[in-house]
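The values are calculated or read from the model by the stated rules, or taken from the named source; none is laboratory data. Just so you know, these numbers come straight off a predicted model, no measurement behind them. Ideal geometry is used to build each Cβ from the backbone, glycine not excepted, and the neighbour counts take in all protein chains shown.
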Amino acid sequence: PQDIYRVLGEPAMRWREADGGERLAYPRGPMGFQTWMVRTDATGKVISVENVMDMAHFARIQPGMDQDEVLRILGPSFPGWTIYFKARDELVWEWRYCDVWSEPARFSVLFDGSSRRVRTTLSQPERLSQPWGRGDRREWCSR
């Protein structure tokens, strides 16, 4: 892992895997469009490096999952966008990514506030949160 640390720095999160390896999360931000998940084997050799901010990884988030399971798939969300809705007893975590149309978008995981388990997820382009759909930011995803 020393080579990984030299190139990417300290991970934002890390988990020990059953096989003795590690899973290391490297979100690029703040509010970046990528989170790199690095897997190593028990000897520290890199097995895989992948950007987990895509629909294939989002589809793995299912109702009933706990927060640690979500973190192991997507890494940490941006803390500034974490919000708790008291009336619904709902906690929302949000990640930023570039969607399949190369537009900045947000993926949200909605947790039951009491059980801390996933209720549902949703995804939408950022421009939809702007008045009348303004704010085309496609150039941000083409960099």
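Find the residue count for the range 24-61, including only residues that are of a type in the set (S, T, N, Q), surrounded by 13 or more Cβ atoms within 10 Å (Cβ to Cβ) and farther than 14 Å from Ser77 by Cβ.
2
Among what's in the range 70-98 and is hydrophobic (A, V, I, L, M, F, W, C) and over 15 Å from the mean Cα position of the chain (by Cα), pick the residue that is surrounded by the fewest Cβ atoms within 10 Å (Cβ to Cβ).
Among those that are hydrophobic (A, V, I, L, M, F, W, C) and over 15 Å from the mean Cα position of the chain (by Cα), it is Ala87.
Which pairs do you get when a residue that is among the hydroxyl-bearing types (Ser, Thr, Tyr), found in the range 69-97, comes within reach of a residue that is not in a strand (DSSP E or B), reach meaning Cβ atoms under 8 angstrom, with the pair 6+ apart or on two chains?
Hits for this filter: Tyr84/Gly113; Tyr97/Phe33; Tyr97/Met53; Tyr97/Asp54.
Residues to consider are Ser129, Ser114; find the one that is closer than 20 Å to Pro79 by Cα and either surrounded by 14 or more Cβ atoms within 10 Å (Cβ to Cβ) or at pLDDT 80 or above (or both).
Residue meeting the stated conditions: Ser114.
If you check Gly21 against the conditions, is it more than 18 Å from Ser123 (Cα to Cα), buried (at least 18 other Cβ atoms within 10 Å of the Cβ) and free of Cβ contacts under 8 Å to residues at least 60 places away in the same chain?
yes
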